[in-house]
1. Scan region 20-37 residue by residue and report those that are modelled with pLDDT under 90 and over 21 Å from the mean Cα position of the chain (by Cα).
2. Filter region 90-123 for residues that are more than 12 Å from the chain's Cα centre (by Cα) and of a type in the set (D, E, K, R) and give the result.
3. Answer yes if at least one residue in region 123-135 is open to solvent by 20 Å² or more (accessible area, probe 1.4 Å) and within 27 Å of K182 (Cβ to Cβ), and no otherwise.
4. Looking at region 155-188 only, could you name the residues that are closer than 14 Å to G138 by Cα, in a loop (DSSP other than H, G, I, E, B) and open to solvent by 50 Å² or more (accessible area, probe 1.4 Å)?
5. Restricting to region 50-66, give me the number of residues that are closer than 17 Å to D126 by Cβ and either without any contact (Cβ under 8 Å) to a residue 12 or more places away in the chain or among the small types (G, A, S) (or both).
6. Go through region 30-66 residue by residue and tally those that are more than 14 Å from G138 (Cβ to Cβ) and exposed (fewer than 13 other Cβ atoms within 10 Å of the Cβ).
7. Is it fair to say P155 is touching a residue at least 24 places away in the same chain (Cβ under 8 Å) and more than 11 Å from D5 (Cα to Cα)?
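The values are calculated or read from the model by the stated rules, or taken from the named source; none is laboratory data. Note that the structure is predicted; figures quoted are calculated from it, not measured. Cβ coordinates were reconstructed from backbone atoms using ideal geometry, including for glycine residues, and neighbour counts include every protein chain displayed. Note: accessible area is taken over every heavy atom of the protein model, side chains too, but ligands, DNA and RNA are not part of it. Shrake-Rupley method; radii C 1.70, N 1.55, O 1.52, S 1.80 Å.
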Amino acid sequence: MRVLDFDNTIYDGESPLDFYFFSLRYRPGNIRFIVPVIINLIRYQRSKSSRPQLERTIRRYVHAYLSSFDDIHGMVRDFWDTHMHKIKSWYVPQPDDVILTASFNYTMDEIVKRLGISTCICSTIDYDTLDLIHLNFGDNKVASFKQAFGDDAVPDEFYTDNLVDKPMLEYARSSFIVKGNKVVPYRK
């Protein structure tokens with residue numbers, strides 16, 4: 001089984017950030033939501049805050065942000081119509097690939113359909129309430145993978161761009177670091 005991170009691994013950039021900037025065309029006033037989230041993300045990456053603190057910040061803003069749009073699904077389709085070109089050339093989708101990402105289901109559901117992939121383990125937003133259910137980030141990914149496939153399942157290959165995914169890099173049988181379109185083996 002081949003398991004892949006999405007942002008900066010398969011996708012050239014951070015799709016949640018690209019989607020956010022794309023969405024400002026529809027609601028320019030939503031610029032107010034990005035600053036607190038980015039500050040908390042930077043604090044988390046520098047080990048100055050915890051994942052629960054980051055989750056609280058995202059929970060605080062995600063409902064207001066998403067509920068401000070009349071047709072979130074249409075906007076997601078428009079986003080992928082204009083951003084499919086950012087899927088990196090090294091990546092050739094296989095139907096049994098598993099995407100394991102911190103990106104949210106409201107954007108990932110559409111791209112995995114377009115790529116022909118059936119399994120995506122991602123951060124989840126409840127479509128009815130627009131509340132954050134799960135943040136699939138960092139050390140959460142191994143637990144999410146095991147929950148989806150069972151405690152005995154081990155990926156044959158795992159691809160990521162970032163050492164924040166070290167738990168998955170160490171868990172998989174073979175792991176790879178992706179920089180641009182260059183894929184190099186990760187040495188355990």
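1. R32
2. Within region 90-123, D96, D97, E110, K113, R114 qualify.
3. Here is the first cut: in region 123-135, the residues open to solvent by 20 Å² or more (accessible area, probe 1.4 Å) are 124, 126-131, 133-134.
Adding the requirement that they be within 27 Å of K182 (Cβ to Cβ) leaves none.
Checked region 123-135: no residue is open to solvent by 20 Å² or more (accessible area, probe 1.4 Å) and within 27 Å of K182 (Cβ to Cβ).
4. Once the filter is applied, which keeps residues that are closer than 14 Å to G138 by Cα, in a loop (DSSP other than H, G, I, E, B) and open to solvent by 50 Å² or more (accessible area, probe 1.4 Å), region 155-188 yields only N162.
5. The first filter runs over region 50-66 and keeps only residues closer than 17 Å to D126 by Cβ, leaving 55-56, 58-66.
Now narrow it down to the ones that are either without any contact (Cβ under 8 Å) to a residue 12 or more places away in the chain or among the small types (G, A, S) (or both): 56, 64.
Here the count works out to 2.
6. 7
7. On the way: touching a residue at least 24 places away in the same chain (Cβ under 8 Å): yes; more than 11 Å from D5 (Cα to Cα): yes.
Criteria met by P155.
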